[in-house]
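Everything below concerns the one structure shown next.
The values are calculated or read from the model by the stated rules, or taken from the named source; none is laboratory data. A quick note: this is a predicted structure, and the numbers were derived from the prediction, not measured. Glycine gets a Cβ as well: all are built from the backbone with ideal geometry, and neighbour counts include every protein chain shown. Protein only, heavy atoms only, side chains kept; ligands, DNA and RNA dropped before computing areas. Shrake-Rupley method; radii C 1.70, N 1.55, O 1.52, S 1.80 Å.
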Amino acid sequence: MSGRPEPLRGLVLAGGRSERLGCDKAALQIAGRSLLERAVTLLSRVVADVQVAVREEQLSDELRRRFVLLPDAYRDIGPAAGLLAAHHLDPASAWLALACDMPGVSEPLLAALIAARDPRRGATAYRGSSGSPEPLCAIYEPATLSRLRNEVDAGGSSGLRAALSAAHPVLLDPPDPGELGSINTPEDMRRLIRS
């Protein structure tokens, strides 16, 4: 590896089915903006290029098609499908992934993640509430994504938390663990609206 780190690109994960919530997470509004728009804007402030990972059937979705879309590379493997599509698009870049349903994530939180990045390590992530890496707001280095692709192609796990843990990541403690919370259920949505 040369002395310069691999380029860093942004990926908003917006291909979820939102089954537990019962409505499209990406379309939820905070202060008049969808969660998807908010996530794209946030990533655009810290990296030069942002893609939005979606399922194939979401390519014509009115909300999503306003952005640069990247269809999932695999079916039914969750958010790993978006990251593997990003790796296929540009295997030489590292990818800062952010789930669209994490409204507490802020620009300073992302900036701190980028500042702590060590490309010699497989990833950079925040420590989640369980102590393991939070996979939906993390930087994935090319070698880690390549290993994940090989694992999936061999019929193995597509779990991002396990992939991050195996990558010996730089792990940061978030200033406020609540910043990494996601909206998965109607109760999560009600809590968001009350805050």
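Looking at GLU37 and the list (1) among the charged types (D, E, K, R); (2) touching a Gly at 6+ places or on another chain (Cβ under 8 Å); (3) at pLDDT 95 or above, which single condition is not satisfied?
Looking at each condition in turn, GLU37 falls short on (2).
Using the structure shown, decide if ASP176 is of a type in the set (D, E, K, R) and either farther than 16 Å from ALA81 by Cβ or open to solvent by less than 50 Å² (accessible area, probe 1.4 Å) (or both).
Spelling it out, ASP176 is indeed of a type in the set (D, E, K, R) and either farther than 16 Å from ALA81 by Cβ or open to solvent by less than 50 Å² (accessible area, probe 1.4 Å) (or both).
Tell me which of these VAL105 doesn't satisfy, since it passes every other one: (1) within 21 Å of LEU172 (Cα to Cα); (2) in a strand (DSSP E or B).
(2)
Could you check how many residues of region 141-164 are touching a helix residue (DSSP H, G or I) at 6+ places or on another chain (Cβ under 6 Å) and under 24 Å from SER106 (Cα atoms)?
Selection size over region 141-164: 1.
Would region 98-111 turn up any residue that is among the charged types (D, E, K, R) and open to solvent by 60 Å² or more (accessible area, probe 1.4 Å)?
Yes; the residues of region 98-111 include at least one that is among the charged types (D, E, K, R) and open to solvent by 60 Å² or more (accessible area, probe 1.4 Å).
Across region 141-165, what is the number of residues that are in contact (Cβ under 8 Å) with a residue 40 or more places away in the chain, part of a helix (DSSP H, G or I) and crowded, with 16+ Cβ neighbours inside 10 Å?
Final tally of qualifying residues: 8.
Scan region 108-136 for residues that are closer than 14 Å to ALA94 by Cβ and in a strand (DSSP E or B) and jot them down.
ALA123, THR124, ALA125
Within region 60-73, track down each residue that is assigned to a loop (DSSP other than H, G, I, E, B) and open to solvent by less than 60 Å² (accessible area, probe 1.4 Å).
The answer is ASP61, LEU63, PHE67, ASP72, ALA73.
Hey, does region 74-93 have a residue that's under 21 Å from ALA143 (Cα atoms), open to solvent by less than 50 Å² (accessible area, probe 1.4 Å) and assigned to a strand (DSSP E or B)?
The answer is no, given that none of the residues of region 74-93 is under 21 Å from ALA143 (Cα atoms), open to solvent by less than 50 Å² (accessible area, probe 1.4 Å) and assigned to a strand (DSSP E or B).
Consider GLU187 against the criteria (1) in contact (Cβ under 8 Å) with a residue 24 or more places away in the chain; (2) over 19 Å from ALA81 (Cβ atoms): it satisfies all of them except one. Which criterion is unmet?
(1)
Do we find a residue being under 19 Å from LEU160 (Cβ atoms) and modelled with pLDDT of 95 or more anywhere in region 12-25?
The answer is yes; a qualifying residue exists.
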